[in-house]
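Undergrad: One structure, as structure tokens, below. Some questions next.
Computed from the coordinates by the stated procedures, all read-outs in this text should not be read as laboratory data. All of these numbers come straight from a predicted model, not from anything done at the bench. Cβ sites come from the backbone with ideal geometry, for glycine too, and all protein chains shown count toward neighbours.
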Amino acid sequence: GAVVSQHPSRVICKSGTSVKIECRSLDFQATTMFWYRQFPKQSLMLMATSNEGSKATYEQGVEKDKFLINHASLTLSTLTVTSAHPEDSSFYICSARTDGPLFFGSGTQLSVL
Amino acid sequence: GNSVTQMEGPVTLSEEAFLTINCTYTATGYPSLFWYVQYPGEGLQLLLKATKADDKGSNKGFEATYRKETTSFHLEKGSVQVSDSAVYFCALGGRGNEKLTFGTGTRLTIIP
């Protein structure tokens, strides 16, 4: 099946720094990518939907200036957590699709000290 | 709004045991229901789905039936194997499975 590569799998950073997470579709062109996050013992929650070449659509309660999403090509979307704080520590996961089923990355565990 | 309530884990079973992971949902309209599985170090993969009431999704020995009257989509397998050890997510969404609403995930460990 199609593969979505997400990198890094784990990152630890200091409070106030920015972290970039990459999501690549390796063998298909992803017109739409989704970004989710999961806090401990909570559901995987959709943060935003991005379509190639246009601005991302953020879910209610997600700060677009803090979580910058760029979907500049059909195979790459990036999520940048700006000025990260300990409360941003979470599991972030991307998914990608064209017209068919969703394919997911393996996730990124972000820990902000 | 939509929500999914999933059995909390972790769940530990012996090989060949019977598995049930409960999932109930709240939704407007007639959503499709999904079970995703995440093996260690990999992305979530679609395990099975059902698109309307009374449909049964099945794959790799796993089954789940879309029960509208009880708003449930419980995952079952008659005899689990060590290779079934993974995290299982229940989800609901549209037919195109865009904008999925997920449960919390249930970590399953099967011991030989």
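Undergrad: Return a whole-number percent for the relative contact order of chain B, with Cα pairs under 8 Å and 6 or more residues apart as the contact set.
TA: Normalised by residue count, the contact order of chain B is 37 percent.
Undergrad: Rank B:LEU47, B:LEU100, B:GLY61 by how far each Cα sits towards the positive end of the charge dipole of chain B (+1 on Lys, Arg Cβ; -1 on Asp, Glu Cβ) and give me just the farthest.
TA: B:LEU100
Undergrad: Can you list the cysteines of chain A that have no other Cys Cβ under 4.7 Å away?
TA: A:CYS13
Undergrad: Give the average, rounded to an integer, of partner chain Cβ atoms located within 10 angstrom of each Cβ in A:99-111. Before the final figure, lay out each step's value.
TA: Details: counts 1, 2, 6, 12, 4, 8, 3, 7, 5, 0, 0, 0, 0.
The per-residue average across the peptide is 4.
Undergrad: Also, quick follow-up: Quantify how much of the Cα-Cα distance distribution of the protein assembly as shown extends past 27 Å, in percent. Mind showing how you got there, number by number?
TA: Numbers: 8425 of 25200 pairs.
The share of Cα pairs beyond 27 Å in the protein assembly as shown comes to 33 percent.
Undergrad: Which order, highest average first, do A:70-80, A:11-21, B:70-80 follow once you tally other Cβ atoms within 10 Å for each residue and take the mean per peptide?
TA: Details: A:70-80: 18.8, A:11-21: 14.1, B:70-80: 17.2.
The packing order, highest mean first, is A:70-80, B:70-80, A:11-21.
Undergrad: Also, quick follow-up: Classify the stretch A:6-51: rounded, prolate or oblate, from the alpha-carbon gyration tensor (a ≥ b ≥ c, eigenvalue square roots; a/c under 1.5 rounded; otherwise prolate if a/b is larger than b/c)?
TA: Working: a/c = 2.06, a/b = 1.36, b/c = 1.51.
Cα axes put the stretch A:6-51 in the oblate bin.
Undergrad: On to the next question. Would you list, by chain and number, the aspartates and glutamates whose Cα falls below 12 Å from the Cα of B:LYS99, excluding same-chain residues fewer than 8 positions away?
TA: Those aspartates and glutamates meeting the cut-off are A:GLU59.
Undergrad: Which number gives the lysine pairs in the stretch A:1-99 that have C-alpha atoms under 19 Å apart and are eight or more places apart or on different chains? Before the final figure, lay out the partial values.
TA: Numbers: A:LYS14/A:LYS66; A:LYS20/A:LYS55; A:LYS20/A:LYS64; A:LYS20/A:LYS66; A:LYS55/A:LYS64; A:LYS55/A:LYS66.
Close lysine pairs under the 19 Å cut-off: 6.
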